[in-house]
1. Considering only the stretch 102-131, state which residues are part of a helix (DSSP H, G or I), free of Cβ contacts under 8 Å to residues at least 24 places away in the same chain and closer than 18 Å to residue 64 by Cα.
2. Does the stretch 49-75 hold any residues that are touching a residue at least 40 places away in the same chain (Cβ under 8 Å) and part of a helix (DSSP H, G or I), and which are they?
3. Of the residues 106, 87, only one is at negative phi and loosely packed, with under 13 Cβ neighbours inside 10 Å; which?
4. Hey, can you tell me all the residues within the stretch 89-99 that are touching a helix residue (DSSP H, G or I) at 6+ places or on another chain (Cβ under 6 Å), assigned to a helix (DSSP H, G or I) and free of Cβ contacts under 8 Å to residues at least 40 places away in the same chain?
5. Out of (1) in contact (Cβ under 8 Å) with a residue 24 or more places away in the chain; (2) under 16 Å from the mean Cα position of the chain (by Cα); (3) not in a helix (DSSP H, G or I), the odd one out for residue 20 is which?
6. Looking at residue 36, is it touching a helix residue (DSSP H, G or I) at 6+ places or on another chain (Cβ under 9 Å), within 14 Å of residue 22 (Cβ to Cβ) and not in a helix (DSSP H, G or I)?
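The values are calculated or read from the model by the stated rules, or taken from the named source; none is laboratory data. Small disclaimer: the values here were computed from a predicted structure and weren't measured. Backbone-built Cβ (ideal geometry, glycine too); neighbour counts: all protein chains shown.
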């Protein structure tokens, strides 16, 4: 049964919601979801979850000095969502990366901007690898 529509969230807030849900799914090891009542969130999850292994491969191929499993849950959720948007949606690359870095700054960065710089580097690598393909 579909949940009733909830308060309208901005696109940025919906992106944060996607990251939060991916984070919780990863923590619990259960990558299934119920409708949230937010069209963008539901659309992204319905598109991303069936191709999660492909997204993880894309990320793994573009991470240097780390493995996807070694990343914290929050950064892994942010990168999965952004890699999906870069590779499977029409959202301009600049918007995807900018939003991902804003979310990293607010949810993951510890003030030293290392997480922001790392995620930026990974997403630039993903963007460039997709342009070559």
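1. Those that are part of a helix (DSSP H, G or I), free of Cβ contacts under 8 Å to residues at least 24 places away in the same chain and closer than 18 Å to residue 64 by Cα: 114, 116, 117, 120, 128.
2. Correct list: 58, 59, 61, 62, 73, 74, 75.
3. 106
4. Listed by number, the residues that qualify are 93, 96, 97.
5. (3)
6. Yes, satisfied.
Quick grid of which residues meet (1) more than 18 Å from residue 128 (Cβ to Cβ); (2) surrounded by 14 or more Cβ atoms within 10 Å (Cβ to Cβ); (3) at pLDDT 95 or above; (4) in contact with a strand residue (DSSP E or B) (Cβ under 7 Å, 6 or more places away or on another chain):
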{"site": "36", "(1), (2), (3), (4)": "yes, yes, no, no"}
{"site": "46", "(1), (2), (3), (4)": "yes, no, yes, no"}
{"site": "55", "(1), (2), (3), (4)": "no, yes, yes, no"}
{"site": "78", "(1), (2), (3), (4)": "yes, yes, yes, no"}
